[in-house]
């Protein structure tokens with residue numbers, strides 16, 4: 001299987017603070033991977049390095065064998081952990097923008113999902129609820145035919161029903177030769193869709209394992225085992 005994302009001794013320091021400290025990872029295509037850890041563990045830093053928003057202090061991250069570059073940005077579909085779209089734009093205008101920016105954007109896929117949720121293409125973001133904005137952002141992200149989807153806390157700010165929609169959207173709209181990396185601390189909500197789990201603690205990988213093997217070897221759910229590893 002092709003490796004979509006590889007990190008070798010990846011480090012990122014902010015002054016004396018080690019956000020990531022010697023991370024080694026190999027993520028294969030066709031997998032949904034949970035990036036799990038408490039606040040401050042380095043999850044967002046890792047995602048930003050992979051999406052070329054940050055530069056490593058040391059080591060490297062490669063996307064489909066290439067160092068982060070304009071070429072890898074074309075392979076990566078990134079959902080930040082906050083609203084990043086202009087509030088004054090209408091949904092249809094956002095589709096136009098994504099179509100202009102990304103050659104792999106599937107407008108038909110996006111329109112189908114928006115129609116399923118009865119989201120008006122003429123409605124500006126500023127008139128939408130927080131949950132609807134989250135759904136629009138996710139639909140735009142998942143409507144690309146990317147090699148790597150980086151989703152930073154995609155379910156943190158929405159109600160349980162919206163979480164179910166978001167997880168169904170992720171499962172049904174990523175290509176089988178792609179990888180989905182989901183950063184979250186709401187493990188119980190995402191556990192059933194994960195193929196693998198990565199535990200990050202103080203910038204280090206303390207576990208990277210197939211979730212079925214983890215359940216078999218520990219006798220616990222991923223959420224239960226996470227609480228044991230990270231208990232105060």
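Structure data summary
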| quantity | calculated |
| --- | --- |
| Using alpha-carbon coordinates, inclination of helix 107-116 to the longest axis of the chain, degrees | 80 degrees |
| Pair residue 223, residue 2: separation of 7 Å Cα→Cβ label points (nm) | 3.5 nm |
| Distribution of pairwise C-alpha distances over region 3-229, 10 Å bins, in % | 8, 33, 36, 19, 4, 0 |
| Hull volume in cubic angstrom per residue (convex hull over the Cα atoms of region 179-226) | 81 Å³ |
| Among 214, 181, 138: highest mean-square fluctuation, GNM of the chain, C-alpha pairs under 10 Å | 214 |
| Rounded FRET efficiency, nearest 0.05, which uses the C-beta distance separating residue 62 from residue 168 and R0 of 30 Å | 0.45 |
| Projected label distance in nm at residue 53 and residue 9, using a 7 Å step from Cα toward the beta-carbon | 2.8 nm |
| Gain in span if fully extended, residue 192 to residue 121, counting 0.36 nm per residue against the direct Cα distance | 22.3 nm |
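Any read-out appearing in this document is the output of simple, stated calculations on the displayed coordinates, not a laboratory observation. Predicted model, so just to flag it, every value in this text is computed and none were measured. Methodologically, a virtual Cβ is constructed for each residue, glycine included, from the backbone with ideal geometry; neighbour enumeration extends over all protein chains shown.
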